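Participant: Got a structure here, written out as structure tokens. Questions coming.
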Amino acid sequence: MARRRKGLSTEDRDLWDRVKRTAKPLAPSKLHTPRDERTKPPQPRPEQAPADAPAPIDPFRIGQAVTAPSSPQPRHDLSDRLAQAPIRMKQTAHRRMTRGKLKPEARIDLHGMTLSEAHPALVDFVIGAHASGQRLLLVITGKGRSGAEADHGPIPIRRGVLKQQVPGWLTAPPLGPLVLEIREAHQRHGGGGAYYVYLKRPR
């Protein structure tokens, strides 16, 4: 058996030289990139968060002190809101009423009643007064308990709950269509513990 010669023949070497001259080297990044990285699909670029996205939450540790935002306080109390309400009665009569120069034609004292007792009593009183043709009423609510008399139970109760509720009752049915004006009474008629209620004329 003839022994094969090692190496390339002259013809093969000439052919190999021509092939080398036509070949182009690969880029260095491609030469050193692992095989699994070359086959991995391109990853999408992270999108920018929208402008209205919620702010990130700061990390919190157990036992860490926090500063809670204070609860919003009403801009005006009930007395201010009533005083700033549009005037619907005659200006001269309104001025005399708020100065305590008009004498109420009828009055009701709700002070000391519960809400369930005061509401029907007020409804009967106002409807009866309107039917009788009376115009200016005085509704006494009291200013509410304070100091040692205040209720400090587990469920806080707003001071002067009747004083807060009565204006809403007077503007809601069935009394709303009968009432023209609600104002805090003058000091001679009870001040902050009473209301003037001026009724519309009966038809």
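The values are calculated or read from the model by the stated rules, or taken from the named source; none is laboratory data. Everything numeric here is computed off the predicted structure, so don't read it as measured data. Positions of Cβ are generated from backbone atoms using ideal geometry, with glycine treated the same way; all protein chains shown enter the neighbour counts.
Participant: Would you mind stating whether Leu138 is touching a strand residue (DSSP E or B) at 6+ places or on another chain (Cβ under 7 Å), part of a helix (DSSP H, G or I), at pLDDT 95 or above and among the aliphatic types (A, V, I, L, M)? Show your work before the answer.
Facilitator: Details: touching a strand residue (DSSP E or B) at 6+ places or on another chain (Cβ under 7 Å): yes; part of a helix (DSSP H, G or I): no; at pLDDT 95 or above: yes; among the aliphatic types (A, V, I, L, M): yes.
Taking the combined requirement at face value, the residue does not satisfy it.
Participant: Right, next: Just to be sure before I move on: is Ala83 modelled with pLDDT under 85 and either surrounded by 10 or more Cβ atoms within 10 Å (Cβ to Cβ) or closer than 26 Å to Ala121 by Cα (or both) in the structure I sent?
Facilitator: Working: modelled with pLDDT under 85: yes; either surrounded by 10 or more Cβ atoms within 10 Å (Cβ to Cβ) or closer than 26 Å to Ala121 by Cα (or both): yes.
Yes; evaluated as a whole, the condition is true for this residue.
Participant: Search segment 83-94 for residues that are under 14 Å from Leu199 (Cβ atoms) and pair each with any residue that is in a helix (DSSP H, G or I) and not aliphatic (A, V, I, L, M) when their beta-carbon atoms are under 9 Å apart and the residues are at least 6 apart or on different chains.
Facilitator: Qualifying pairs under 9 Å: Arg88/His94.
Participant: Being in contact with a His (Cβ under 8 Å, 6 or more places away or on another chain) and assigned to a helix (DSSP H, G or I) is the filter here; which residues of segment 171-194 pass it?
Facilitator: Hits for segment 171-194 are Leu178, Gly193.
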